[in-house]
Each structure stands twice: as structure tokens, then as C-alpha cells.
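The values are calculated or read from the model by the stated rules, or taken from the named source; none is laboratory data. All values reported here derive from a predicted model rather than from experimental measurement. Methodologically, a virtual Cβ is constructed for each residue, glycine included, from the backbone with ideal geometry; neighbour enumeration extends over all protein chains shown. What goes into the accessible areas is simple: the full protein's heavy atoms, side chains included, and nothing from ligands, DNA or RNA. Shrake-Rupley method; radii C 1.70, N 1.55, O 1.52, S 1.80 Å.
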Amino acid sequence: MASSPLPAMTRATDAVGEWHGTLVTLAGELMLVLSVSRAPDGSLKAELESPDQAPGQKIPVSGIRAEGDRLSLEIAMIHASFEGRWNAAEQTWSGTFKQGTEMPLKLTKGPSAVKPIVAGLDGIWRGKIRRNGVDLRLVLHITTTPQGTAVLLDSPDQLSYAVPVQGLARDGRTVTFRLDVRGVRYQGVLTPDIQRMSGIWQGANYPATQVDFVRSDAIAASSALKRPQTPQPPFPYRAEEVAFDNPVQSGVHLAGTLTLPEGKGPFPAAILITGSGQQDRDETILGHKPFAVIADYLTRRGIAVLRVDDRGMGKSTGDVSKATSADFATDANAAFAFLRTRSEIRSDAIGFIGHSEGGMIGPIAMATNKKVAFLVMMAGPGTQSVQLLLSQNRAIGLGMGKSEAQIDRAEPVTVSLFKALASGATYEEGVAAARASLTPEALAAMGLPPGTDPQVILSQYGSPWFRYFFQYDPAPNLRAIRVPVLAMNGSLDRQVLPVENLAAIKAALKDDRDVTIVELPGLNHLFQTAKTGAAGEYVDIEETVAPVALEGMAKWINARFGRH
């Protein structure tokens, strides 16, 4: 059978030009602009911009291929990719944008719509709003570029950053804007010097509240994050760049840092496993580098440490869009196998230190690797995952100003969503069941404004990682462990609640002869010394890891595997 020729617009040359499309995310609708040109050697090159989140910033596309009716992009700087096919009827490249999760994206030829220019407001504006007895900071970032005036909102106490704001307008001294993803409207009045605006913040799920914003450009410019524990050279130990492959999953090449104590060795060794979300080898979050601090402390005390960029981060490679905790467990075992090739390392004294999800990945890896010598769980889960998330949502929600009534209303819908995603014989069936559960009534109960696209929720939860997570029960893997285990939680942890999770871990490990369960007073989920444990404190606390947690791990490991 003869094949028909491809439409003219499917040739690679037709990818040249400017394209735009919209992603639907929990942060709202985000415009993407792709600019494709041809280099002197005939190859394609491209840049990506997100006018809604980073106006004026061009992100280099590290790889672009346009062959036949297919377009593929790799954007290494933001660990993202796009795979699409030409849709002749719509005249679009239609496909999937991957960045931790998968989101549909259509790219249409031509420039994106230009936002209106709103004069006189550029800068940083700070305010706060009180919800159910909790003060929540609000920060507006207003920037004008040739593409118009863009506004981003940070809510640090809700760990929400760079949320696009819509409809900014100014009529004399009156300023208005919307936050569509939360159904919020604001109208304020500027002072004559344009340094303050006072107005009303109101939404479908929020009573009208007075919110004042103060212009604070000078404050923002002078405020640098202080992180005194971040290790600085010279170091009294050896630090070596290392790399190795995951032999059971193709395309996964892992890179990291191995720190070795002074002396001949061989040394006991710890492999650090990061928490949820893609992290670099230092587990960098909000300016903190917890794993760099832990590695430095342990190595100074005679324990070698291997910390690795998660697949798809830093210098490590590998697709994460469909990866689950079970896949990440194979990465941990690949790191273990690598250390066993090193003469400086005691092959019988290599263990895992897992933080948060890392405390779940460690036992998964140990189910097929009986040579792991020890396990340290830093805020690792002990309860079933759905229960863990419900407890987490309640604790964090209260700290973010939600009422008990709001949480009670959303919880049944959340349970239905989680169970739907875990159901079905395949991932696709689970996503279809989850989409069906997100009725307008369900979305309203979750506090989302009318007309919200269910894709807003599915862009966060509709991934293979979450499906696996919702199905996971830590108990069976923990029950099989017969090596020393240290399980630590901070008493102020609001993400992995200490009382219920430590009790579940203790119960699952009842047949293990060497188990230490510790609740550390006054520490949060990051093991910082905290006041309330609320997520909004993470960035404000200068301490990265409390000394009591560092000392506890070092002494516990050395008591079992150190030199006596």
C-alpha cells in the first residue's frame, strides 16, 4: 500500500518560528513561548520562556528534534521535556510536557498575546492576611517587560511561590487584580507616594479581609538567606566526584559526591536518600543544603557518605515522569553496589539514611538487598500512605490558616480521589477513575473556584508516582528487616506526624533485635529547631539540621560500625 506524503507543515523546517501554548497547573494557567531558529550549520536551536512565571527570562532548550510529524524538546535547566505530533486539523504541535509530572500541551504558531502595561507599580509588595488565627505572609512581584506587566504572588507560609496573578489594572490610585486559581479578587487604593496600598481581599472561600501591601524593594534587595551550617572548604576529608549506572534501568546514570574520612580505612558508609520531589545531591531546599551538612558531620566522625543527584537532576540522567518510589529504590541499590567496589569502604557496613520519602525508599530497596547493614529513617513513614497524607493535609492545613470545617469538608473528596488513583488494573484506568471523581461538587469541597478544570488536580496527583504511593503500605517491608534501625522524628513535624508514624514503625519492627525509636523535641520535618513546625518557618530558620539530630546519627552508627 503506497504511503501518502506528509502535509507540508510537518517538515522539520516548519518548526522554525515562534510558538505558544498554555499549561494547566495548580499554580494556574501558564503561558509558554517557544522560539525556534536555525543555526548556521543547519541544525535547530530554541529558547523557552514562561511570561507568567519568569517574564523576560529565556531558558535554553538543550535538545530539539523536528522530524516528519514529530517534535521533541529537552530543557535540561528546568528538567523538562516535550513530545508532540503535528495536528494538521488544528495546526498545532500536540503532545505532553513533562516536568516531574505529565501535562498536555498544544503549541500554536505565532506570538502569544501581550499583557497590558500597568505603569508605576513595578517592585516587590509585602503584606499579610489573617486566617483562622494564623498570619499568612503575601508577597507580590510586579515586573514590566516588552510583553507587558506580569504579577507573581508568593505565600511563604503556604510554601507557595510564583503563582501567576491575573487582571492587574490601575485606574488612578485604585489597583485591582485576580487570583483565578483561588477565586480571589483584590481592590486596593494607593497612597499618594505609591508606597502602600490598602484594600479588600475576597474570594469564594474567603470572607472579605483588609489587606495592606507595602512596597519593599530595598528590604528585598538587602535580605540574604543566612545558612551558617553549609560546609565551606577546606575540608579535613576527601571529597570525590563519582558516577555510575543503574544496571536494571536503562538511561539512568547517577552522579554524586563521595566523602571519605582521613586515614586508610576501610570505613563504614552511609548512602543518603532524598525526600519526595526531584532533589540535587545536597537535598537543597529554600537555601538549605541538609545532605551537605549531614555528609560533612558524619565524614568528620569517621563515616564515609555518598550523596547523589536524583535521576533527572544535576548531573544524573533518567526519565522521572513515570518513575515511582520502587524505581528510586533501584537507584539506591545501584549506589550500594557502587560503594561495594570501593576498597576504602567496609562492604559489611554500608547502610541507608533516608529522609521523608527516602525513609520509604530505603526499606523498599532492602526488600531485594539483604546486604544493607543498617537503616536510618529521618521522618520516614510508618503508616499507610493514604492515612499519612490525610494526617499531613490536616496538620499543614491548620498551620496555613484553614479551618477544621474546611478540612472536614475536603477530606472525603480527597480520600475518594486517592482511592480512585490507586484503583484499576492500569495507571490509565486509575487516572480515568480519578477524573470521574472530580465533579464540580467535589472541586468546590476542595476549595477550588467554580469552573476549575480537573486537570489542575490531576497535574499534581495524576502520576505513576502518586498511584504507587497511594497503594503503598510500609509495614511488610519493615517487618522483613533484621539489621539495626534508627527511626527519628521531630516532635513538631507536620508532614510525617511523629506519634502515629513512630508507633507504626515500632510495631512493624517488633521482631528486629536492634531498633532505636527517637522523637526529638522541638524539631520540624527538616530537623530544624522550630517554633511551631509550620512549613512557612523553613526558610526563616537559619539552622539547617539541629546538632542533636546530627550527633544522634553519628553516635548511633559509630556505636555499631565505627572503630573502637
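With every protein chain present, what accessible area does Arg126 have (1.4 Å probe, heavy atoms only), rounded to the nearest 10 Å²?
Arg126 has an accessible surface of roughly 90 Å² with all protein chains in place.
Dipole of segment 505-558 (Lys/Arg Cβ +1, Asp/Glu Cβ -1, origin at the Cα centre): which of Val539, Ala549, Ala507 lies farthest to the positive side?
Final value for the positive-end residue is Ala507.
I'd like the Karplus ³J(HN,Hα) series for segment 484-490: coefficients 6.51, -1.76, 1.60, θ = phi - 60°, whole numbers in Hz, and an x wherever there's a Gly or Pro.
x, 10, 10, 10, 10, 9, x
Figure the gain on full extension for Ala337 and Arg70 (residue separation times 0.36 nm, minus the Cα-Cα span) and round it to one decimal in nm.
92.3 nm
Relative to the longest principal axis of the C-alpha atoms of the chain, give the angle of the C-alpha long axis of helix 290-299, reported between 0 and 90° and rounded to the nearest 10°.
Between helix and principal axis, roughly 20 degrees.
Give me, ordered by chain and number, the residues 5 or more places off Val252 or on other chains with an amide H under 5 Å from its own placed amide H.
Hits under the 5 Å cutoff: Asn246.
Please pull out the direction-averaged projected area of segment 235-288, using the convex hull of its alpha-carbon atoms, in nm² to one decimal place.
Mean orientational projected area (segment 235-288, Cα hull): 5.5 nm².
Rounded to whole Hz and in sequence order, give me ³J(HN,Hα) for segment 157-168 from the Karplus expression 6.51 cos²θ - 1.76 cosθ + 1.60, θ = phi - 60°, writing x for Gly and Pro.
My calculation for segment 157-168 gives 6, 10, 6, 10, 9, 6, 7, x, 10, 10, x, 4 Hz in order.
Calculate what fraction, in whole %, of the accessible area of segment 352-457 sits on carbon and sulfur atoms when a 1.4 Å probe is rolled over the protein chains.
For segment 352-457, the apolar C and S fraction of the accessible surface comes to 60 percent.
Can you give the Kirkwood hydrodynamic radius for segment 402-466, in Å, rounded to one decimal and based on Cα pairs?
By the Kirkwood definition, the hydrodynamic radius is 12.0 Å.
How far is helix 498-508 tilted off the main Cα axis of the chain, in degrees rounded to 10, range 0 to 90?
Result, in degrees: 50.
When N is the residue count of segment 444-564, what does its C-alpha Rg come to as a fraction of 2.2 N^0.38 Å?
So the Cα radius of gyration is 1.37 times the expected 2.2 N^0.38 Å.
So, R0 is 56 Å and r is the distance between the beta-carbons of Arg238 and Asn87; what FRET efficiency does that work out to, to 0.05?
0.55
Longest exposed-loop-site-free stretch of the chain, with GluC sites (Glu not before Pro), DSSP loop and at most 16 other Cβ within 10 Å?
263-541
Give me Rg/Rg_expected for segment 271-425, where Rg uses Cα atoms only and Rg_expected = 2.2 N^0.38 Å with N residues.
1.19
Using alpha carbons only, what's the Rg to Rh ratio of segment 497-564 with Rh from Kirkwood?
1.04
At most 12 other Cβ atoms within 10 Å and a DSSP loop assignment: could you name the trypsin sites (Lys or Arg not before Pro) in segment 499-564 that fit?
Hits after loop and neighbour filter: Lys510, Arg513, Lys531, Arg563.
Tabulate in residue order the Karplus-calculated ³J(HN,Hα) for segment 180-188, using 6.51 cos²θ - 1.76 cosθ + 1.60 with θ = phi - 60°, rounded to whole Hz; enter x for Gly and Pro.
Karplus values, whole Hz, x for Gly and Pro: 4, 5, 10, x, 9, 10, 9, 9, x.
So who's got an amide H within less than 5 Å of the one on Thr174, skipping anything under 5 residues away but keeping other chains? H placed 1.01 Å off N, in plane.
Leu190
If you stretched the chain out fully between Ser62 and Lys510, how much longer would it get, using 0.36 nm times the residue separation minus the C-alpha to C-alpha distance?
156.2 nm
Taking Rh as the Kirkwood radius, which is the inverse of the mean 1/r over Cα pairs, what is the Rg/Rh value for segment 10-71?
1.02
If you filter segment 429-490 for trypsin sites (Lys or Arg not before Pro), then keep DSSP loop positions with at most 13 other Cβ within 10 Å, what is left?
The qualifying sites are Arg482.
For segment 90-178, what's the radius of gyration and Dmax over Cα atoms, in angstrom?
16.9, 52
Mind jotting down a quarter of the surface of the convex hull over the alpha carbons of segment 27-107, in square nanometres, one decimal?
5.8
Return the distance in nm (one decimal) between the two label points of a simple spin-label model at Gln195 and Ile78, each offset 7 Å from Cα along Cα→Cβ.
Here the modelled spin labels are 3.6 nm apart.
Per residue, how much accessible surface does the chain expose to a 1.4 Å probe? Answer in Å², no decimals.
On a per-residue basis, 44 Å².
How compact is the chain by the rule of thumb for globular proteins, expressed as Cα Rg over 2.2 N^0.38 Å?
Normalised Cα radius of gyration, the chain: 1.03.
Taking the Cα-to-Cβ direction at Asn132 and at Arg38 and moving 7 Å from each Cα, how far apart do the two end points lie in nm?
In this crude spin-label approximation the distance works out to 5.9 nm.
Between helix 427-437 and the chain, what is the angle of the helix's C-alpha long axis to the longest principal axis, kept within 0 to 90° and rounded to the nearest 10?
Approximately 60 degrees, to the nearest 10.
Report, by chain and number, residues whose modeled amide H sits under 5 Å from the one on Arg281, excluding near sequence neighbours (fewer than 5 apart, same chain).
Result for Arg281 returns Asp309, Asp310.
Taking 0.36 nm per residue of sequence separation and subtracting the Cα-Cα distance, how much length would be gained by fully extending the chain between Glu47 and Lys370, in nm to one decimal?
Result for the pair: 111.6 nm of gain on full extension.
For segment 131-193, take the convex hull of the Cα atoms, compute a quarter of its surface area, and give me that in nm², please.
Mean orientational projected area (segment 131-193, Cα hull): 5.5 nm².
Ignoring ligands, DNA and RNA, how do Asp171, Asp327 rank by accessible area with a 1.4 Å probe, largest first?
Asp171, Asp327
Could you order Ile396, Ile75, Ile200 so the one with the most accessible surface comes first? Probe is 1.4 Å.
Reading off the accessible areas and sorting them downward yields Ile200, Ile396, Ile75.
Could I have the simple spin-label model distance between Asp319 and Glu404, label points 7 Å from Cα toward Cβ, reported in nm to one decimal?
For Asp319 paired with Glu404, the spin-label model returns 4.8 nm.
In straight Cα distance, which lysines are under 23 Å from Lys289, not counting same-chain residues fewer than 8 positions off?
Output for Lys289: Lys226, Lys315, Lys531, Lys555.
Are any of the pairs Lys45/Lys109; Lys370/Lys506; Lys98/Lys322; Lys128/Lys402 more than 18 Å apart by Cα-Cα distance, and if so, which?
Check vs 18 Å cut-off fails for Lys370/Lys506.
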